[in-house]
Amino acid sequence: MKVNKNNSWSTTHYTFKCSEPQNDKLQEKILQMEKDGLGFQFDPAQGGGWQSDKDLLNSDEFVFKSLRKVLLNYTNQILSEIYIDDATIKIINSWANIGRKGESTMPHIHEQASWSLVYYVTHTGNANLYFKDPRTLESMDRSHQYLRKPYANVIRKKPFDAGVAILFPSWLEHGVVTNMTDDIRISIACNFLIEG
(Lines give C-alpha, C1' and ligand atoms only; values in the text may rest on other atoms or scores of the structure.)
Protein backbone atom coordinates (compact mmCIF):
# COMPACT_ATOMS: atom_id res chain seq x y z
CA MET A 1 0.00 0.00 0.00
CA LYS A 2 1.38 3.40 -0.99
CA VAL A 3 0.62 6.15 1.50
CA ASN A 4 1.56 9.82 1.15
CA LYS A 5 2.05 11.70 4.40
CA ASN A 6 1.17 15.40 4.25
CA ASN A 7 1.50 18.02 6.97
CA SER A 8 -1.15 20.73 6.70
CA TRP A 9 -1.20 24.13 8.38
CA SER A 10 2.21 23.92 9.98
CA THR A 11 3.51 27.16 11.51
CA THR A 12 7.05 28.09 10.58
CA HIS A 13 9.39 30.18 12.69
CA TYR A 14 13.04 30.98 12.17
CA THR A 15 15.93 31.45 14.59
CA PHE A 16 19.31 32.94 13.76
CA LYS A 17 22.40 34.30 15.46
CA CYS A 18 23.28 37.89 14.63
CA SER A 19 26.82 38.73 13.64
CA GLU A 20 28.78 41.30 15.64
CA PRO A 21 26.10 42.13 18.23
CA GLN A 22 26.88 44.95 20.68
CA ASN A 23 24.87 43.51 23.52
CA ASP A 24 26.81 45.19 26.35
CA LYS A 25 26.16 48.60 24.81
CA LEU A 26 22.51 47.74 24.08
CA GLN A 27 22.00 46.60 27.66
CA GLU A 28 23.59 49.77 29.03
CA LYS A 29 21.40 52.04 26.85
CA ILE A 30 18.17 50.17 27.63
CA LEU A 31 18.78 50.14 31.39
CA GLN A 32 19.52 53.88 31.23
CA MET A 33 16.23 54.49 29.39
CA GLU A 34 14.39 52.66 32.16
CA LYS A 35 16.27 54.64 34.83
CA ASP A 36 15.41 57.93 33.06
CA GLY A 37 11.69 57.06 33.23
CA LEU A 38 11.26 56.52 29.50
CA GLY A 39 8.75 53.84 28.49
CA PHE A 40 6.37 52.33 31.04
CA GLN A 41 6.07 49.71 33.75
CA PHE A 42 3.41 47.00 33.37
CA ASP A 43 1.01 46.40 36.25
CA PRO A 44 2.06 43.31 38.28
CA ALA A 45 -1.39 41.83 37.56
CA GLN A 46 -0.36 41.84 33.87
CA GLY A 47 2.95 40.15 34.64
CA GLY A 48 5.02 43.24 35.42
CA GLY A 49 8.13 44.23 33.53
CA TRP A 50 9.24 47.38 31.75
CA GLN A 51 8.81 48.30 28.08
CA SER A 52 10.28 51.17 26.08
CA ASP A 53 8.37 53.33 23.63
CA LYS A 54 7.66 51.67 20.28
CA ASP A 55 10.24 53.51 18.16
CA LEU A 56 13.42 52.07 19.67
CA LEU A 57 15.20 51.08 16.46
CA ASN A 58 14.45 54.48 14.89
CA SER A 59 16.72 56.10 17.47
CA ASP A 60 19.70 58.17 16.36
CA GLU A 61 21.86 56.11 18.74
CA PHE A 62 24.37 54.20 16.60
CA VAL A 63 23.89 50.92 18.51
CA PHE A 64 20.13 50.88 17.77
CA LYS A 65 20.55 51.98 14.13
CA SER A 66 23.16 49.27 13.66
CA LEU A 67 20.89 46.55 15.11
CA ARG A 68 17.97 47.76 12.97
CA LYS A 69 20.10 47.36 9.84
CA VAL A 70 21.23 43.85 10.84
CA LEU A 71 17.71 42.63 11.74
CA LEU A 72 16.19 44.09 8.57
CA ASN A 73 18.90 42.46 6.48
CA TYR A 74 18.44 39.00 8.04
CA THR A 75 14.65 39.22 7.87
CA ASN A 76 14.74 40.28 4.21
CA GLN A 77 17.00 37.34 3.38
CA ILE A 78 14.66 34.88 5.13
CA LEU A 79 11.30 36.21 3.99
CA SER A 80 12.29 37.10 0.42
CA GLU A 81 12.23 33.36 -0.31
CA ILE A 82 8.53 33.06 0.53
CA TYR A 83 7.13 36.34 -0.86
CA ILE A 84 6.88 37.64 -4.43
CA ASP A 85 9.73 39.78 -5.76
CA ASP A 86 7.67 42.99 -5.61
CA ALA A 87 6.81 42.60 -1.92
CA THR A 88 8.39 45.07 0.49
CA ILE A 89 9.42 44.14 4.01
CA LYS A 90 9.64 46.97 6.53
CA ILE A 91 9.89 47.42 10.29
CA ILE A 92 6.80 49.23 11.58
CA ASN A 93 7.67 49.41 15.29
CA SER A 94 10.22 48.19 17.82
CA TRP A 95 10.71 48.27 21.59
CA ALA A 96 12.86 46.95 24.43
CA ASN A 97 11.62 44.70 27.25
CA ILE A 98 13.10 44.20 30.71
CA GLY A 99 11.96 41.31 32.90
CA ARG A 100 13.21 40.89 36.45
CA LYS A 101 12.61 38.18 39.03
CA GLY A 102 8.90 37.41 39.39
CA GLU A 103 7.93 39.12 36.12
CA SER A 104 6.41 37.53 33.00
CA THR A 105 4.65 38.46 29.76
CA MET A 106 1.00 37.51 29.32
CA PRO A 107 -0.05 35.67 26.13
CA HIS A 108 -0.68 38.08 23.27
CA ILE A 109 -0.43 38.63 19.52
CA HIS A 110 0.96 41.56 17.51
CA GLU A 111 -1.95 42.92 15.51
CA GLN A 112 -1.59 44.88 12.25
CA ALA A 113 1.77 43.23 11.50
CA SER A 114 2.84 40.32 9.32
CA TRP A 115 5.87 38.97 11.21
CA SER A 116 7.29 39.58 14.66
CA LEU A 117 10.87 39.21 15.84
CA VAL A 118 12.48 39.03 19.27
CA TYR A 119 16.19 39.70 19.61
CA TYR A 120 17.81 38.66 22.88
CA VAL A 121 20.20 41.20 24.39
CA THR A 122 20.78 38.89 27.37
CA HIS A 123 20.43 35.14 27.87
CA THR A 124 16.80 34.26 28.62
CA GLY A 125 17.62 32.03 31.58
CA ASN A 126 14.52 30.14 32.66
CA ALA A 127 12.17 32.92 31.47
CA ASN A 128 11.48 31.21 28.16
CA LEU A 129 9.35 32.32 25.27
CA TYR A 130 6.33 30.09 24.63
CA PHE A 131 3.85 29.73 21.76
CA LYS A 132 0.21 28.71 22.03
CA ASP A 133 -1.02 26.23 19.44
CA PRO A 134 -3.64 27.97 17.25
CA ARG A 135 -5.42 24.64 16.67
CA THR A 136 -8.14 23.14 18.82
CA LEU A 137 -7.01 22.39 22.36
CA GLU A 138 -5.64 18.88 22.71
CA SER A 139 -8.19 18.22 25.46
CA MET A 140 -10.94 18.30 22.81
CA ASP A 141 -9.57 15.05 21.35
CA ARG A 142 -9.88 12.17 23.83
CA SER A 143 -7.55 10.01 21.74
CA HIS A 144 -4.74 12.50 22.32
CA GLN A 145 -3.59 10.60 25.40
CA TYR A 146 -2.87 7.52 23.27
CA LEU A 147 -0.61 9.22 20.73
CA ARG A 148 3.00 8.03 20.56
CA LYS A 149 4.05 11.70 20.39
CA PRO A 150 1.31 13.78 22.04
CA TYR A 151 1.17 17.42 21.09
CA ALA A 152 0.77 20.18 23.61
CA ASN A 153 -1.24 23.38 23.41
CA VAL A 154 1.75 25.36 24.66
CA ILE A 155 5.22 24.95 23.21
CA ARG A 156 7.92 26.31 25.48
CA LYS A 157 11.06 27.23 23.56
CA LYS A 158 14.49 26.32 24.87
CA PRO A 159 16.51 29.17 26.42
CA PHE A 160 18.04 31.62 23.96
CA ASP A 161 21.56 32.99 24.17
CA ALA A 162 22.34 36.68 23.83
CA GLY A 163 22.62 37.66 20.16
CA VAL A 164 20.00 35.18 18.94
CA ALA A 165 16.74 36.25 17.28
CA ILE A 166 13.49 34.41 16.59
CA LEU A 167 11.13 35.42 13.76
CA PHE A 168 7.52 34.19 13.78
CA PRO A 169 4.07 35.07 12.35
CA SER A 170 2.53 37.98 14.26
CA TRP A 171 -0.79 36.16 14.69
CA LEU A 172 0.86 33.36 16.69
CA GLU A 173 -0.07 33.82 20.35
CA HIS A 174 2.99 33.94 22.58
CA GLY A 175 4.22 35.00 26.01
CA VAL A 176 7.11 34.65 28.45
CA VAL A 177 7.09 32.49 31.58
CA THR A 178 7.95 34.01 34.95
CA ASN A 179 11.58 34.86 35.54
CA MET A 180 12.55 32.82 38.60
CA THR A 181 16.18 34.01 38.79
CA ASP A 182 17.90 37.20 39.89
CA ASP A 183 19.16 37.74 36.34
CA ILE A 184 17.70 40.60 34.32
CA ARG A 185 16.18 39.45 31.03
CA ILE A 186 16.42 42.03 28.22
CA SER A 187 15.03 41.64 24.72
CA ILE A 188 14.16 43.84 21.76
CA ALA A 189 10.99 43.12 19.81
CA CYS A 190 9.95 44.46 16.43
CA ASN A 191 7.16 43.98 13.94
CA PHE A 192 7.44 43.69 10.18
CA LEU A 193 4.80 44.53 7.60
CA ILE A 194 4.75 42.91 4.17
CA GLU A 195 3.24 45.01 1.38
CA GLY A 196 3.03 44.68 -2.40
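The values are calculated or read from the model by the stated rules, or taken from the named source; none is laboratory data. Given the structure is predicted, the values throughout are model-derived calculations rather than measurements. Please note: Cβ atoms are built from the backbone with ideal geometry, for glycine as well, and neighbour counts cover all protein chains shown. Just the protein is used for accessible areas: all its heavy atoms, side chains included, with ligands, DNA and RNA removed. Shrake-Rupley method; radii C 1.70, N 1.55, O 1.52, S 1.80 Å.
Does the range 104-124 contain any residue that is open to solvent by less than 90 Å² (accessible area, probe 1.4 Å), in a loop (DSSP other than H, G, I, E, B) and among the charged types (D, E, K, R)?
Looking through the range 104-124, none of the residues is open to solvent by less than 90 Å² (accessible area, probe 1.4 Å), in a loop (DSSP other than H, G, I, E, B) and among the charged types (D, E, K, R).
Provide a single number: the residues in the range 135-172 that are more than 29 Å from residue 18 (Cα to Cα), outside any helix (DSSP H, G or I) and either open to solvent by 30 Å² or more (accessible area, probe 1.4 Å) or without any contact (Cβ under 8 Å) to a residue 12 or more places away in the chain (or both).
10
Based on what the data block shows, is residue 5 surrounded by fewer than 18 Cβ atoms within 10 Å (Cβ to Cβ) and in contact (Cβ under 8 Å) with a residue 24 or more places away in the chain? Before the answer, list the steps.
Values: surrounded by fewer than 18 Cβ atoms within 10 Å (Cβ to Cβ): yes; in contact (Cβ under 8 Å) with a residue 24 or more places away in the chain: no.
No.
Residue 15 passes all but one of (1) under 24 Å from residue 177 (Cβ atoms); (2) open to solvent by less than 60 Å² (accessible area, probe 1.4 Å); (3) part of a strand (DSSP E or B); which number fails?
The failed condition is (2).
Using the structure shown, decide if residue 57 is free of Cβ contacts under 8 Å to residues at least 60 places away in the same chain, under 19 Å from residue 119 (Cα atoms) and open to solvent by less than 60 Å² (accessible area, probe 1.4 Å). Outline the logic, then answer.
On the way: free of Cβ contacts under 8 Å to residues at least 60 places away in the same chain: no; under 19 Å from residue 119 (Cα atoms): yes; open to solvent by less than 60 Å² (accessible area, probe 1.4 Å): yes.
No, not satisfied.
Restricting attention to the range 24-49, which residues are under 26 Å from residue 155 (Cβ atoms) and either buried (at least 16 other Cβ atoms within 10 Å of the Cβ) or small (Gly, Ala, Ser) (or both)?
Across the range 24-49, the qualifying residues are 42, 45, 47, 48, 49.
Looking only at the range 60-103, count how many residues are open to solvent by less than 30 Å² (accessible area, probe 1.4 Å) and on the phi > 0 side of the Ramachandran plot. Spell out the reasoning first.
Of the residues in the range 60-103, the ones open to solvent by less than 30 Å² (accessible area, probe 1.4 Å) are 63-64, 67, 71, 75, 79, 87, 89, 91, 94-96, 98-99.
In the following step, the residues that additionally are on the phi > 0 side of the Ramachandran plot were identified as none.
Matching residues across the range 60-103 total 0.
Might you check whether a residue that is over 25 Å from residue 24 (Cβ atoms), in contact with a His (Cβ under 7 Å, 6 or more places away or on another chain) and charged (D, E, K, R) occurs anywhere in the range 75-90?
Scanning the range 75-90, I find no residue that is over 25 Å from residue 24 (Cβ atoms), in contact with a His (Cβ under 7 Å, 6 or more places away or on another chain) and charged (D, E, K, R), so the answer is no.
For the range 175-190, give me each residue that is open to solvent by 10 Å² or more (accessible area, probe 1.4 Å) and assigned to a strand (DSSP E or B). Reasoning before the result, please.
Step one: of the range 175-190, the residues open to solvent by 10 Å² or more (accessible area, probe 1.4 Å) are 176-178, 180-185.
Within the range 175-190, 176, 185 meet the criteria.
Can you say whether residue 87 is of a type in the set (Gly, Ala, Ser), within 19 Å of residue 9 (Cβ to Cβ) and over 15 Å from the mean Cα position of the chain (by Cα), as far as the supplied structure shows?
Judged against the criteria, residue 87 is not a match.
Among the residues of the range 18-51 satisfying the criterion of being part of a loop (DSSP other than H, G, I, E, B) and under 22 Å from residue 161 (Cβ atoms), which is modelled with the highest pLDDT?
Out of the qualifying residues, it is 49.
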